[in-house]
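Step one of this worksheet: look at the structure below.
The values are calculated or read from the model by the stated rules, or taken from the named source; none is laboratory data. Just so we're clear, the structure is a prediction, and the values are computed from it rather than from any experiment. Note that each Cβ is placed from the backbone with ideal geometry, even for glycine, and that neighbours are counted across all protein chains shown.
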Amino acid sequence: MTSMSTNKPMPMPTAISAPFWDGLKEGRLTIPHCKSCGHWIFFPRRHCDKCWSQDLEWKEVKGAGTLYTYTLTRVPTLPDFADEMPQKLAVVELDEGVRINTTLVGMDESEIKVGMRVKPVFDTAHSDGTVLLRFTAADNDFPAHIDSTPAALAAASAAQADAAAAAVSKRQVRFDDEAAMKALVSDTYSDWSNQIVVDQELINEFAQLSGDDYWIHTDPERARAQSPFGGTIAHGALVQVLQSRLRVALDFEVVGFNNMVNYGSDRLRFPAPVPAGSRIHARTRVKAVEKLPKGMQMTLEIVTHVVGNERPSVINDLVILYM
Ligand SMILES: [Zn+2]
């Protein structure tokens, strides 16, 4: 069993609401319906909110409706939603008359209009199979079922990164061409790498390997109760070494050297935590090039971020000597 976690809050079905969530898992939208007066009811409850009858049944509906209202968040509603910005929070009125709080997907801001027709999208949002109900424009060519688990999003990013890397034409720069090497120095970062998920399983493996099994990394229950981060976080050193799994497409290649030595880091900082279950990605820039008697030294700044977070989780000024 994988122990993927994410700090995004997930629904906690109750005895009354469970049929709604179970239906979503099966790709069906079901709504309580009053057998006495024919009224549709949402949110799910024990009685009809029109005639007070408790004689209710769950019925499947198509999910066709109109956008009643919406808002775009400029600040994430929780830090964990930073990878969904702007959140397109909406209220949809189904043709049955009930209103549902939801999120719009697959639409640009400019396409969203109050009163527009919408259709449901079943979004697998958690590795435990939890499905959330989203909506998109009725005329949108968009899948009815999507997978936004961190693992699925990371896999999609890998395909994108591979395509971007294949499209880059690399210029070759001789290591001993001081002017050309110094011309690589830039304030601008590369494109983002592929993404990977830092899940609890990976953190546990690193805890075992390193011997650092402090509870803030390894005890999700205690961390939920006592950690300032609301859950477990990855070791900074783990996130640092995961840079090897993040492929950054550079538009140059240093050539002509006999030997390349990794001298370690000039600067290593862990400014922001990586909560268990987060996706991370990295980008890089050449920070400095210096000609030394031994060869040409390049300082590569590699920054790793939780996807959506403006603050880096790792800043690593990696020093490489080409000889
Ligand atoms: Zn009723």
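Details
- R134 being of a type in the set (D, E, K, R) and either over 22 Å from the mean Cα position of the chain (by Cα) or in a loop (DSSP other than H, G, I, E, B) (or both): no
- Each residue in the range 108-129 was checked for being assigned to a loop (DSSP other than H, G, I, E, B) and at pLDDT 95 or above, and 5 pass.
- Residue list for the range 296-323, restricted to those being at pLDDT 95 or above and of a type in the set (G, A, S): S313
- Of residues in the range 302-314 being assigned to a strand (DSSP E or B) and in contact with a Phe, Trp or Tyr (Cβ under 8 Å, 6 or more places away or on another chain), the one surrounded by the most Cβ atoms within 10 Å (Cβ to Cβ): V314
- Residue that is surrounded by the most Cβ atoms within 10 Å (Cβ to Cβ) [pool: residues in the range 17-39 that are assigned to a loop (DSSP other than H, G, I, E, B) and within 10 Å of the ligand (Cβ to nearest atom)]: H39
- Applying the condition of being among the aromatic types (F, W, Y) and within 30 Å of A207 (Cβ to Cβ) to the range 255-290 and asking which residue is surrounded by the fewest Cβ atoms within 10 Å (Cβ to Cβ) yields Y263.
- Of all residues in the range 233-261, those satisfying the criterion of being out of contact with any helix residue (DSSP H, G or I) (no Cβ under 6 Å at 6 or more places or on another chain) and assigned to a helix (DSSP H, G or I) are G236, A237, V239, Q240, V241, L242, Q243, S244, R245.
- Selected residue (only one of A165, A180, A234 is out of contact with any Lys or Arg (no Cβ under 7 Å at 6 or more places or on another chain), of a type in the set (A, V, I, L, M) and not assigned by TED's automatic domain parsing to the domain that holds L78): A234
- Scope the range 260-303; condition touching a residue at least 60 places away in the same chain (Cβ under 8 Å) and farther than 25 Å from M181 by Cβ; matching residues: V274, P275, A276, G277, S278, R279, I280, H281
- Any hit, the range 66-78, residues being within 16 Å of the ligand (Cβ to nearest atom) and either free of Cβ contacts under 8 Å to residues at least 40 places away in the same chain or among the charged types (D, E, K, R) (or both): no
- Restricting attention to the range 65-107, the residues being part of a loop (DSSP other than H, G, I, E, B), in contact with a strand residue (DSSP E or B) (Cβ under 6 Å, 6 or more places away or on another chain) and surrounded by fewer than 16 Cβ atoms within 10 Å (Cβ to Cβ) number 3.
- Those residues of the range 40-63 which are in contact (Cβ under 8 Å) with a residue 24 or more places away in the chain, surrounded by 15 or more Cβ atoms within 10 Å (Cβ to Cβ) and in a loop (DSSP other than H, G, I, E, B), in sequence order: I41, F42, P44, G63
- Restricted to the range 262-299, and to residues there that are β-branched (V, I, T) and in a strand (DSSP E or B), the residue that is farthest from N194 (Cα to Cα) is V289.
- Residue match in the range 40-58 (condition: among the hydroxyl-bearing types (S, T, Y), within 14 Å of the ligand (Cβ to nearest atom) and over 26 Å from G231 (Cβ atoms)): yes
Yes/no matrix, rows are residues, columns are (1) under 20 Å from L24 (Cβ atoms); (2) touching a residue at least 24 places away in the same chain (Cβ under 8 Å):
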site	(1), (2)
G106	yes, yes
S110	no, no
G115	no, yes
F135	yes, yes
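- Residue list for the range 117-133, restricted to those being in contact with a His (Cβ under 9 Å, 6 or more places away or on another chain) and in contact (Cβ under 8 Å) with a residue 40 or more places away in the chain: F122, V131, L132
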